[in-house]
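One structure is given here, and the rest of the page talks about it.
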Number of protein chains: 2
Amino acid sequence: MLIRITFLGTGAGMPGKDRYLPAILVEDGLRKILLDAGEGVQYRLFEIGVSPLKITHIFITHLHGDHVFGLPGLLATMAMLGRKEDLVISGPSGIVNFVKSSMEIVGDPPFHVRIYEIEPSIGIKDVINEENFSLQCTLAKHTVPDCAYSLNWRTYVGRFNPERAKELGVPITLWKRLHMGETVVLNDGRVIKPEDVVEIRSSGLVKVVYTGDTAPADSVVEISRGAQVLIHDSTFSMIEDGNLIWNQGHSRSVDAARVAKEAGVERLVLTHISNRYSDPELLAAEASEVFPNVIAARDLMSLMITS
Amino acid sequence: MLIRITFLGTGAGMPGKDRYLPAILVEDGLRKILLDAGEGVQYRLFEIGVSPLKITHIFITHLHGDHVFGLPGLLATMAMLGRKEDLVISGPSGIVNFVKSSMEIVGDPPFHVRIYEIEPSIGIKDVINEENFSLQCTLAKHTVPDCAYSLNWRTYVGRFNPERAKELGVPITLWKRLHMGETVVLNDGRVIKPEDVVEIRSSGLVKVVYTGDTAPADSVVEISRGAQVLIHDSTFSMIEDGNLIWNQGHSRSVDAARVAKEAGVERLVLTHISNRYSDPELLAAEASEVFPNVIAARDLMSLMITS
């Protein structure tokens, strides 16, 4: 399995040099998931050649303008392009109203929007539970309710057996879904499971956590345990006063590093970087003293996870 | 008097190559006026080095997403930057609600927003009437109510007399306003008129008309009479079927040129250009057969008007 994470916007609050407002694209071969939708996200999608029609899920961490004001334009463009497929959106209380008032401008879209409105709380909540993908959330520490999300994939390493698939009459268009671990239903009603056509050698879990805006929080440590990648608020440098930053619901580089260390994640990515830092490497260097496997996100940077 | 018009976004509907969504900045030395606020307008302002704090007026033609979804982010950034000065917004029915629901996300801003909500109709309506600046609007022909705006400046060509200004005790900070034709009130209550300190040699009118989205319309011809610059919808090329385009509430290059010719404007600028045209010069060439003094707008292009 291959998961690609592309940082479309790594800024904080307002536009800065080379940094768009927060948005991250996660692609797993079947889904294209947006984490937050800061203003300009549809420009970034255009730049990297991903059609808004292909976006399957949009998970909003919290209803601050810099994380959500790109959503109405994206929905408008989906409608203009004549999207037919359902779109899944999640977000904290208020997301339904926000989408509704956007739709008053956009008009009745030709597609259905399924919204999960979450009241995040300490403790881990299940939001989506599909066969090989699930979404969980917990309450991060911000000035408004912020969902820190965990995206989880059950993965299989295995050899796809095309002869067996042909024997079973599985159309080629469904092979990819089966190879990625999804159960499919054929036109004649038969249910085909991955193990029917894939010689599974090992299975595992891939986990990506994204905090949105947060001060360092135990709830984030909990949800991050065992993650391959933790994408954490790192608005400020360690030279800032911690209490001041935490009261604003944000983290410093070293705060993010401590959370990563305590949760035992494999890799930490710093994002939501204040405009006062022209070179985000400063923040990564600070964090690496506490947690070595860290990078600072830059706009249009991609990360790959294989398993 | 010097007026600078900068095209921040010249696209239509959705982002395209090199084209942001509609927004135009008009600067007259005292005011910085935005005409429409498509998504990304605050990125463009950042690029050209104009702080959102300096924007004095935002005139929205109509409530379609591509013309207005940059407004919430701009208001959010103004609030974050601690703006204190009043902001003037105008737009058709619905603009008050749109600003209000944006403010639910932005929070209570530290500045006051004065909104002119207009019901545009055939015939010319006064919206703002200041001493040497006025805003008028008429109903353009679109699928939703669209205000075609006329921005009008009374101009003076004259020599500023600094000795006279000093004699009258006018502080230097007010000289520019007086030279630009504004009456000012001193701290002691005395009223100083431009003619008190400027030797006026001639006076005149500068007029800029912006249509927003429109099919060719008599009302637009009427409001455009005598304009130095008409900025007109030119979404499509002349090779498209007129009736089809007009029914969508848009114009072709030659439609815009005919309106410009009939109104007797000095100069025509084509904007709101569909993504299907990678080179907008095609549209300008078509229009020039009907109306020679025409250019096609490009993102970040500036025009100057002097009088």
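To the nearest 20 debye, what is the magnitude of the charge dipole of the protein assembly as shown about its Cα centre, counting +1 on the Cβ of each Lys and Arg and -1 on the Cβ of each Asp and Glu?
540 debye
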If you average the alpha carbon positions of region B:67-146 and of region A:210-247, how far apart do those two centres end up, in angstrom?
38 Å
On the Cα set of region A:262-307, report Rg and Dmax in Å, please.
11.5, 37
Using unit Cβ charges (K, R positive; D, E negative) and no other charged atoms, how large, in debye to the nearest 20, is the dipole of region A:153-207 about its Cα centre?
260 debye
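Based on DSSP H runs of at least 4 residues, each adding -39500 (n - 2.57), what is the mean residue ellipticity at 222 nm of chain B after dividing by all its residues, to the nearest 500 deg cm²/dmol?
-7000 deg cm²/dmol
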At the nearest 100 Å², what buried accessible area, both sides summed, do you get for A and B when the probe is 1.4 Å?
2400 Å²
Residues of the protein assembly as shown: accessible area per residue with a 1.4 Å probe, Å²
40 Å²
Rh (Kirkwood, all Cα-Cα pairs) for region B:1-49, Å, reads 11.1 Å
Under a 5 Å amide H to amide H cut-off, with H placed in plane at 1.01 Å, what residues pair with B:LEU87 once short-range neighbours are removed?
B:HIS112, B:VAL113, B:ARG114
Partner shielding of A:99-108, taken as the mean number of other chain Cβ atoms within 10 Å, equals 3
For region A:74-114, rounded, prolate or oblate, judged on the Cα gyration tensor with a ≥ b ≥ c (square roots of eigenvalues), a/c < 1.5 rounded, else prolate if a/b > b/c?
oblate
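What is the magnitude of the charge dipole of region B:1-80 about its Cα centre, with +1 placed on the Cβ of each Lys and Arg, -1 on the Cβ of each Asp and Glu, and no other charges, expressed in debye to the nearest 20?
Values: 7 positive and 7 negative charges, 29 e Å.
Approximately 140 debye in magnitude.
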Here the averaged projected area of chain A, based on the convex hull of its alpha-carbon atoms and given in nm², is 15.9 nm²
Per-residue average of other protein chain Cβ atoms inside 10 Å, peptide A:6-14 -> 2
Over the protein assembly as shown, what percent of the accessible surface lies on carbon and sulfur atoms, probe 1.4 Å?
51 percent
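In terms of the ratio Rg/(2.2 N^0.38 Å) built on C-alpha atoms, what value belongs to region A:206-301? Write down the numbers at each step before the final one.
On the way: Rg = 11.8 Å, N = 96, 2.2 N^0.38 = 12.5 Å.
For region A:206-301, the normalised Cα radius of gyration comes out at 0.95.
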For region B:159-234, what does the equivalent ellipsoid look like in terms of its semi-axes, each the square root of 5 times an eigenvalue of the Cα gyration tensor, given largest first in whole Å?
39, 13, 9
Number of partner chain Cβ atoms within 10 Å, mean per residue of A:62-69:
5
Residue (of B:VAL106, B:GLY123, B:VAL68) at the positive-pole extreme of region B:59-124, dipole from beta-carbon charges:
B:VAL106
For B:THR61, residues with placed amide H under 5 Å, excluding near neighbours:
B:ASP36
If you add up the charges near A:PHE133, with Lys and Arg at +1 and Asp and Glu at -1, over every other residue whose beta carbon is less than 10 angstrom from its beta carbon, what do you get?
-2
With a 10 Å radius around each residue's Cβ, average the other Cβ atoms per peptide and rank B:292-304, A:133-145, highest first.
A:133-145, B:292-304
Work out from phi, with θ = phi - 60° and the Karplus expression 6.51 cos²θ - 1.76 cosθ + 1.60, the ³J(HN,Hα) of each residue of region A:241-246, listed in order in whole Hz, and give x for Gly and Pro.
6, x, 4, 4, 5, 5
Kindly write out, for region B:159-172 in residue order, the coupling ³J(HN,Hα) from the Karplus curve 6.51 cos²θ - 1.76 cosθ + 1.60 (θ = phi - 60°), rounded to whole Hz, with x marking Gly and Pro.
9, 6, 10, x, 4, 4, 4, 5, 4, 7, x, 7, x, 4
In Å and from the alpha-carbon atoms only, list the Rg and Dmax of region A:1-92.
12.3, 36
Taking only the Cα atoms of region A:128-170, how large is their convex hull per residue, in Å³?
87 Å³
Taking H as built 1.01 Å from N, whose amide H comes closer than 5 Å to the amide H of A:MET180, not counting residues under 5 places away?
none
Short version: what are the Cα gyration tensor semi-axes of region A:55-171, square root of 5 times each eigenvalue, largest first, in whole Å?
31, 23, 10
Taking the mean number of other Cβ atoms within 10 Å as a proxy for protection, how do you rank A:203-213, A:98-108, B:243-253 from highest to lowest?
A:203-213, B:243-253, A:98-108
In region A:1-154, taking the dipole from +1 charges on Lys and Arg beta carbons and -1 charges on Asp and Glu beta carbons about the Cα centre, the listed residue (A:GLY16, A:TRP153, A:MET80) farthest towards the positive end is A:GLY16
Based on a Kirkwood Rh over C-alpha pairs, give the Stokes-Einstein translational diffusion coefficient of the protein assembly as shown at 4 °C and viscosity 1.567 mPa s in µm²/s.
49 µm²/s
Peptides B:147-160, A:3-16, A:40-53: what's the order by average Cβ count within 10 Å, highest mean first?
A:3-16, B:147-160, A:40-53
Below 8 Å, C-alpha to C-alpha, sequence gap of six or more: please give me the relative contact order for region B:47-121 in percent.
35 percent
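The values are calculated or read from the model by the stated rules, or taken from the named source; none is laboratory data. If you're wondering where the values come from, they're calculated on a predicted model, not measured in any experiment. Quick reminder, even Gly has a Cβ in these numbers, built from the backbone with ideal geometry, and neighbours come from all protein chains shown. Side chains included, ligands, DNA and RNA excluded: accessible areas come from the protein's heavy atoms. Shrake-Rupley method; radii C 1.70, N 1.55, O 1.52, S 1.80 Å.
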